[in-house]
Amino acid sequence: MSEIALQAVGLVRRIEGAISHTLVNGIDLSVNKGEFVAITGPSGSGKSSLLYLLGLLDAPNEGDVMICGQPTAKLSETERADIRLTKCGFVFQFHFLLPEFTSLQNVTLPMRAAGKMSEKEMHERGLELLTSLGLKDHANKRPNQLSGGQRQRVAIARALSNRPEIIVADEPTGALDTTSTEQVFGILRDIADSGRTVVVVTHDPALAARADRRVHIVDGKIHETIQGGQAPEPAIAIGATAAES
Amino acid sequence: MTTKLLFDIAWTHVTARVRQTLVGMAGVSMGVGFTIMMAGLMEGSQIDFLRQLVDTMPHITIQDERRSVPTQPADQEYGAVQMSNVTNLNNRPGIKYPESVMASLRSWLPGDVTPSVRTTAIIDHGGGRIGVTLTGIDPRQEPRVSKLASQMREGQIADLSRAPNAIIIGEALAQKLAVKPGNTVILIGGKGTEVTSSVVGLFRSGMKRVDEGQIYGLTGFAQIMMGQSGIVNELRLRLNDPLIAQQVATQVEAQTGYKSVSWQEANADLLSTFAVRDFIVLTVMGAMLLTSSFATYNIISTITHEKRQDIAIMKSLGMREYSVRRIFIIESAIIGTVGILFGWILGYLLCYGWSHITIYNMLTGANVPLQIYYSPMHYIVAGGISLLCCTGAAFFPARKATRVHPVEIIRGAS
């Protein structure tokens, strides 16, 4: 049996107000270590909301998210921040790099925030990541001196800097051209192949098809799951299915 | 979270907005600089005034009177007594055995003491009459208890010994009477004694009240004018530290039984005015420093507003809310610290410049420079309060900004 890296149990996320709205409505999901899962669905279906819950950026109204077996529902915001820093790496649709910092400084930012490495080690690790993503020559450039694809690769390098177990990406290719999209997806695929867990939200069915598993969300619920290269299946006992795969 | 990282982020924020940052720093500098200048000027003028006051008068004056009415024999005899029309015993005025009292005081007093005779007199000269206070002094002992010797403008204290009826008068009084050293005036004592006195010297204390109403003569001369031979009705004390005069006066009074008035007590109304002035000045300076921090508040508010996305990203990467908040506090501290450093320089230059400004003194007719008191405490207090105001000004916008939920910003940006 594969080791579960990320598990959602009965996740519910509601927006309370004059008109309440349920974004995520009772989702159970297990993602194995080293698995590449794509979350798809129409706009407003709750796929990004689910991703934010899985990455501990948001807290559920009901249910729990377990990161590497650790329940997180009762953790304080500070403890959740610590888990985000060390166990999760985020990539967003827009690069969200700090504009005044160079590529290398942006990549080393999470390492410096964690404070577990020496300056030299952080510098070397940052360069290593940028080199592996083909950005060695752009280490000292600021985001406004890079192309869209390069910025997104820097963002991926930043997500990887603390060697997180899980990478969550919210439409990382949404603002990229075809070539860059191919590059970024290839990188994410390589990350998963290297043993890390990758969960990606995407609109692109062709890219989703390259994931190990595709989870289709409709109205905040899992509508169907599709194993890589398989035909769509009804979404029943997804966690068990993922655990067995 | 490493402070260096937070400092680096803060530094990039403030250096990326040079004009705004400079405006903020200038605000702090102005506040600190003018506060230091005001403090130096206020304290300088106050110290100068007090110095003049203390130099002009004895630190403690022992008078031949009691603070309270002496206990009557009937009080000592009966538990409750009603008395009316009590007639005082016609005791001889003056301090009893002044030499013994002085010897006793000199054994422990941190300073010196000298006897004198104080009486009132009228100067009759040129058809005009002016009431004055005549103090009979010993010219040899006087320099130990007063600054009269250094205040002499013409003649010397020792010139009093040239004639038994010689007097030294204030320069302002001399102008009023149109007399010069060598001239004579008629002095009329309390009991109608008329003596022709020769003016042998002029002094200037800088205080109008003294320069127009105080004259000095020999002890014996004052006794004649008072009509009490051999009397000493005042002991004047000068202390090494004038600030302890109040405590010493209490001690002296307890020992001698005579009313001992310190210079603080004699000028209590003036000193209480100083206290009110100090309070007003401190309030104004506090307001200046607080107002100068508003510029910092504006800058931090602007930065936090512009950097909402960065804040969201830093929080999403796992930086704690407290750490992100510290970034803006550090930014404010950077603006404040640099502003304070320039404020110190500005404050010093202002003090230096103002100390070269002279004001015409109508009494003395001289151009007197503004008195500035230089104290490191002014710099420390102004800097400390300013830094506190700056960081306080940053705290609220920083707290508001860092409480933003990252998902809201990320969704908005997406």
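Every number here is computed from the coordinates shown, using simple stated rules; none is lab data. Since this is a predicted model, take the numbers as computed values, not measurements. Methodologically, a virtual Cβ is constructed for each residue, glycine included, from the backbone with ideal geometry; neighbour enumeration extends over all protein chains shown.
One table, with the values for the structure above:
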{"read-out": "Beta bridges per DSSP with both ends in the range B:138-202, % antiparallel, nearest 5", "value": "60"}
{"read-out": "Debye log10 I(q)/I(0) for chain B, one point scatterer per Cα, at q = 0.06, 0.14 Å⁻¹", "value": "-0.46, -1.18"}
{"read-out": "Point-to-point label distance, B:TYR360-B:GLU306, nm (Cα→Cβ direction, 7 Å offset)", "value": "5.3"}
{"read-out": "Nonlocal Lys pairs with alpha-carbon distance under 19 Å, chain B (8 or more apart, or different chains)", "value": "8"}
{"read-out": "Scattering curve values for the range A:177-232, log₁₀ I(q)/I(0), Debye with Cα scatterers, q = 0.13, 0.18 Å⁻¹", "value": "-0.35, -0.65"}
{"read-out": "Amide hydrogen neighbours beyond the local backbone of B:GLY111, cut-off 5 Å, H modeled", "value": "B:ASN240"}
{"read-out": "0 to 90° range, to nearest 10: angle between helix A:77-87 axis and chain A longest Cα axis", "value": "70"}
{"read-out": "From phi via Karplus (6.51, -1.76, 1.60), per-residue ³J(HN,Hα) for the range A:160-168 in Hz, x at Gly/Pro", "value": "8, 4, 8, 6, x, 6, 10, 10, 10"}
{"read-out": "Helical mean residue ellipticity (222 nm; -39500 (n - 2.57) per DSSP H run of 4+; nearest 500) of the protein assembly as shown", "value": "-15000 deg cm²/dmol"}
{"read-out": "Residue-wise HN-Hα coupling along the range B:174-186, computed from phi with Karplus coefficients 6.51, -1.76, 1.60 (Hz; x: Gly, Pro)", "value": "4, 5, 5, 8, 6, 10, 10, x, x, 7, 10, 9, 9"}
{"read-out": "Cα gyration tensor, the range B:1-148 - rounded (a/c under 1.5), prolate or oblate", "value": "prolate"}
{"read-out": "Per-q log10 I(q)/I(0), the range A:71-177, q = 0.10 Å⁻¹ (Debye; single scatterer per alpha-carbon; no solvent)", "value": "-0.27"}
{"read-out": "Descending semi-axes in whole angstrom, ellipsoid equivalent of the range B:186-318, from the Cα gyration tensor", "value": "66, 20, 11"}
{"read-out": "Residue-by-residue Karplus 3J(HN,Hα) for the range B:229-236, coefficients 6.51, -1.76, 1.60, Hz, glycine and proline x", "value": "6, x, 7, 10, 10, 7, 10, 10"}
{"read-out": "Inter-chain shielding of A:103-113 (mean C-beta neighbours from other protein chains, 10 Å cut-off)", "value": "3"}
{"read-out": "Gained length - A:HIS203 relative to A:ASP219, 0.36 nm times residue gap less alpha-carbon distance", "value": "4.2 nm"}
{"read-out": "Peptide B:129-139, shielding by other chains (average Cβ, 10 Å cutoff)", "value": "0"}
{"read-out": "Share of Cα-Cα pairs in the range B:301-354 lying beyond 13 Å, as whole percent", "value": "68"}
{"read-out": "Efficiency of FRET between B:LEU22 and B:LEU388 - r from beta-carbon atoms, R0 25 angstrom, step 0.05", "value": "0.70"}
{"read-out": "Cubic angstrom per residue, convex hull over Cα atoms of the protein assembly as shown", "value": "281"}
{"read-out": "Sites B:TYR97 and B:GLU77, calculated FRET efficiency, Cβ-Cβ separation with R0 30 Å, nearest 0.05", "value": "0.60"}
{"read-out": "For the protein assembly as shown, with +1 on Lys and Arg beta carbons and -1 on Asp and Glu, the positive-most of B:THR119, A:PRO164, A:SER103 along the dipole", "value": "B:THR119"}
{"read-out": "Fraction of beta bridges assigned by DSSP in chain B that are antiparallel (%, nearest 5)", "value": "80"}
{"read-out": "Rounded to 10°, Cα long-axis angle of helix A:103-114 versus longest principal axis of chain A", "value": "60"}
{"read-out": "Global geometry of the range B:137-195, whether rounded, prolate or oblate, following the gyration tensor of its Cα atoms and the 1.5 cut on a/c", "value": "oblate"}
{"read-out": "Packing rank of B:384-396, A:186-198, A:15-27, where each peptide gets the mean count of other beta carbons within 10 Å, highest leading", "value": "B:384-396, A:186-198, A:15-27"}
{"read-out": "Under 18 Å from A:LYS120, Cα to Cα: aspartates and glutamates that are on another chain or at least 8 residues apart", "value": "A:GLU128, B:ASP8"}
{"read-out": "The range B:281-397: equivalent-ellipsoid semi-axes (sqrt of 5 x gyration tensor eigenvalues, Cα, Å)", "value": "43, 12, 11"}
{"read-out": "Residues in the range B:334-348 that a label on B:ILE380 would reach, taking backbone N under 18 Å of a point 7 Å out along Cα→Cβ", "value": "B:340-341, B:344-345, B:348"}
{"read-out": "Three-way shape label, the range B:83-230, alpha-carbon gyration tensor, a/c 1.5", "value": "oblate"}
{"read-out": "Average partner coverage of B:315-328, which counts Cβ from other chains inside 10 Å", "value": "5"}
{"read-out": "Inter-label distance, nm, simple model (7 Å from Cα along the C-beta direction), B:ARG277/B:LYS208", "value": "1.5"}
{"read-out": "Span-like helix ranges in chain B, DSSP H, alpha carbon extent 27 angstrom or more, Kyte mean at least 0.5", "value": "B:18-56, B:268-306, B:321-354, B:376-402"}
{"read-out": "Using a Förster distance of 56 Å, the FRET efficiency for B:ARG106-B:GLN175 (Cβ separation, nearest 0.05)", "value": "0.90"}
